[in-house]
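Data block below; observations after.
The values are calculated or read from the model by the stated rules, or taken from the named source; none is laboratory data. From a predicted model like this one, the values you see are computed outputs, not experimental measurements. When we count neighbours, we look across all protein chains shown, and the Cβ atoms used for this are built from the backbone with ideal geometry, even at glycine. Just so you know, the surface numbers come from the protein's heavy atoms only, side chains and all, with ligands and any DNA or RNA stripped out. Shrake-Rupley method; radii C 1.70, N 1.55, O 1.52, S 1.80 Å.
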Amino acid sequence: MSASRTRLIAAVSAFLAVAAITGARSAQAAPLHPTVSLQAGFIGFYPGHLILDGIGGAYLDDGVLRVHADHIILDMRAQHYVAAGSVTVQGSTVAHGDALGIDVASHAGVLVDTASVPSSIAIHGATIGGAATIAPGDDPLALPDVGFEQPYARASAAVAHLGADVRLRNAHVIVPGGESIGFPSYVYSYASSPGYSNTNINTNGEDLPIYFGSTADSIQGIHLSYNTITKIAFGMDSHFVGERSYVLVSGSPLIGPTKVFNLTWQDYINDHTSQTFNSSTTTGFGTSNAYDLRDSIHRSFLELSGFGQPDNSGALFAWQSFNQYFGSGSGSHPYYYLRSEYGLNHVASQGTFDPFPPDVVLPNNVWHTAFEGFLGTQTWDLGQNASIYGSADLRDETDTLPHRQVSQVYRLTLYTRWTRTISTNFSESVAPLFDSYPSVNTIYHSIGDQQTLSMNYDHGDPFALSVYGIHSTASTDNPSGVTVQPWELSGTLRFRATRSLSIEVTRSYFFGFNGERFSGLGLQLLP
């Protein structure tokens, strides 16, 4: 077995081990999101309202109560459900009635039975009995209003992890023309946590994600994308989310000669300290790892980081201030931040490069110190619908090669709103670069220039279009030269196909740079 294949198997095994450990810890801890399951003859899902509407022989289990009724509506945003028609509720005892309203967070509610006295029966946890007391203005039987909206999807069963996601079984996502796309299992996530929204899958966002599995603290999905070799590429990712941390595991493409497996661990240790670990394994290349630890102190933070990859590794210790504003508040005022760092880079076999002679022996360990300052201007209004702002960044780095590099970036941005729906953004950046090698009395000067123009048309929910173009040039007196991509054009189109379905399409055009014209197609189905 080859060394690269052995490393790949070891990396995949490590990923699976982390996933298993994370899952085991999640199973032992109290669930982060309450779980409510619903079954019915027909379940309509309204993501704009986060509503599950079960009609016909409906059954709900919230972990404390089990409810049978003709009709059950679960409001996942309010974490509240209402049952109506031939209601049977089972807790520590069994009771019957005409309507039921329960708050899932407190497991408190009321059962209404017009044939009994009292007609309103209190429910506290699994205990059912006694007259219910309803506070003025409180309506436990209030139903959410979805108006004339059609469901985004229909299903025969659903499992809702409140505050995170809902998993639909035998799901049919409704598309234009009244047709539907069927999925044995379909997951819709609405959590605000970055552990659910972020992904580390190797598709650059140009894919069609379809999530099919979920638990109270995880989701799993597949990603379909375009690949120049296999044409259709297939990948998978898993998200494991805790109260203060999350783990992302992915692999893509899973078919073809080159496969990439990624692992991300983000942990918020406390309110001012966080750590991040990233690992990526590529067939034929090996594994790259990176770790970063940050701790906030008074108006600044300390950073300790390290990385390792085949034949190259390094470490860094840095201090950086938060944005410091001139004047009171943090509104439209000039601001700045400062940064200093000290680090080491180790290369197993250091090769020579310009301007060093070919027979020179360069050190394997290179230490560096760096100082950086950033200045951002306030936003100046140019009339009612236009504004302009700028920034300047200067970084001075010296290492033990010996080598000194001074890099600068100057940027000016003009924003214009032409109409209520159309706006443009133009940005010009100039980046001079100074390289000095004192041991061989050589100095190089380089400069890069980039213009970015974006146009945004936003007609609200029905239609939105964003197009941006980038033009880049660069020059240098370094014999090694410099290469930049001259042109790039990208666009994002979002439109509402039906009252319950939006489609978002993204694609880029590279004008034949390195033989590449079009990027893969990014496609998302949205409520």
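Restricting attention to the range 6-62, the residues that are small (Gly, Ala, Ser), closer than 30 Å to Asn262 by Cβ and at pLDDT 90 or above add up to 0. Does Ser436 count as open to solvent by less than 40 Å² (accessible area, probe 1.4 Å) and within 30 Å of Met455 (Cβ to Cβ)? Judged against the criteria, Ser436 is not a match. Condition check for Val409 on (1) of a type in the set (Val, Ile, Thr); (2) free of Cβ contacts under 8 Å to residues at least 24 places away in the same chain; (3) not in a strand (DSSP E or B): one failure, at (3).
From the list Gly284, Gly351, Gly308, the lone residue that is in a loop (DSSP other than H, G, I, E, B), open to solvent by less than 80 Å² (accessible area, probe 1.4 Å), farther than 24 Å from Asp393 by Cβ and without any contact (Cβ under 8 Å) to a residue 24 or more places away in the chain is Gly351.
Of all residues in the range 436-454, those that are over 30 Å from Leu493 (Cα atoms) have Cβ atoms under 8 Å from Cβ atoms of residues that are open to solvent by 70 Å² or more (accessible area, probe 1.4 Å) and among the aliphatic types (A, V, I, L, M), 6 or more apart or on another chain, in Ser436/Ile443; Tyr437/Ile443; Ser446/Val482; Gly448/Val482.
Which ones in the range 174-189 are surrounded by 17 or more Cβ atoms within 10 Å (Cβ to Cβ) and at pLDDT 90 or above? Within the range 174-189, Phe183, Ser185, Tyr186, Val187, Tyr188, Ser189 meet the criteria.
For the range 365-390, a tally of residues being over 24 Å from Gly314 (Cβ atoms) and open to solvent by less than 30 Å² (accessible area, probe 1.4 Å) returns 4. The residues in the range 217-248 that are open to solvent by 20 Å² or more (accessible area, probe 1.4 Å), of a type outside the set (Ser, Thr, Tyr) and closer than 25 Å to Pro34 by Cβ can be counted, and the count is 6. Between Gly147, Gly163, the distinction of being within 29 Å of Phe495 (Cα to Cα), assigned to a loop (DSSP other than H, G, I, E, B) and under 26 Å from the mean Cα position of the chain (by Cα) belongs to Gly163 only.
Taking residues in the range 470-483 that are within 24 Å of Phe353 (Cβ to Cβ), and partners anywhere that are open to solvent by less than 70 Å² (accessible area, probe 1.4 Å) and aromatic (Phe, Trp, Tyr), the pairs with Cβ atoms closer than 8 Å and at least 6 places apart or on different chains are Thr476/Tyr444; Asp477/Tyr444; Asn478/Tyr444.
Being under 25 Å from Leu168 (Cβ atoms), among the hydroxyl-bearing types (Ser, Thr, Tyr), open to solvent by less than 60 Å² (accessible area, probe 1.4 Å) and not in a loop (DSSP other than H, G, I, E, B), is that true of even one residue in the range 260-280? No.
Tell me which strands (runs of 3 or more DSSP E) are completely within the range 481-527 and hold 1 or more residues being more than 18 Å from Leu465 (Cα to Cα), or say none if there are none.
487-498, 501-513, 516-518
Among the residues of the range 316-332, is there at least one that is of a type outside the set (Val, Ile, Thr), modelled with pLDDT under 95, surrounded by fewer than 15 Cβ atoms within 10 Å (Cβ to Cβ) and in a strand (DSSP E or B)? Yes, because at least one residue in the range 316-332 is of a type outside the set (Val, Ile, Thr), modelled with pLDDT under 95, surrounded by fewer than 15 Cβ atoms within 10 Å (Cβ to Cβ) and in a strand (DSSP E or B). Restricting attention to the range 422-438, does a residue exist that is touching a His at 6+ places or on another chain (Cβ under 9 Å) and of a type in the set (Phe, Trp, Tyr)? Checking the range 422-438: at least one residue is touching a His at 6+ places or on another chain (Cβ under 9 Å) and of a type in the set (Phe, Trp, Tyr).
For the range 381-391, state whether one or more residues are within 23 Å of Asp477 (Cβ to Cβ) and modelled with pLDDT of 95 or more. No, there is no match, as no residue in the range 381-391 is within 23 Å of Asp477 (Cβ to Cβ) and modelled with pLDDT of 95 or more. Please determine, by comparing only the residues of the range 82-102 that are part of a strand (DSSP E or B) and open to solvent by 50 Å² or more (accessible area, probe 1.4 Å), which one is farthest from His49 (Cα to Cα). Once the filter is applied, the top-ranked residue is Val94. Counting just the residues of the range 439-464 that are open to solvent by 40 Å² or more (accessible area, probe 1.4 Å), part of a strand (DSSP E or B) and modelled with pLDDT under 95, which one comes out nearest to Thr400 (Cα to Cα)? Checked the range 439-464; the qualifying residue nearest to Thr400 (Cα to Cα) is Asp458.
None of Gly54, Gly41, Gly63, Gly48 is open to solvent by 10 Å² or more (accessible area, probe 1.4 Å) and assigned to a strand (DSSP E or B) except Gly41.
Here's the yes/no breakdown for (1) touching a strand residue (DSSP E or B) at 6+ places or on another chain (Cβ under 6 Å); (2) surrounded by fewer than 18 Cβ atoms within 10 Å (Cβ to Cβ); (3) at positive phi:
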position	(1), (2), (3)
His80	yes, no, no
Val110	yes, no, no
Thr114	yes, yes, no
His124	yes, yes, no
Ile134	no, yes, no
Val146	yes, yes, no
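The residues of the range 185-225 that are over 20 Å from Ile51 (Cα atoms) and either free of Cβ contacts under 8 Å to residues at least 24 places away in the same chain or part of a strand (DSSP E or B) (or both), listed by number, are Ser197, Asp207, Leu208, Pro209, Ile210, Ser218, Gln220, Gly221, Ile222, His223, Leu224, Ser225.
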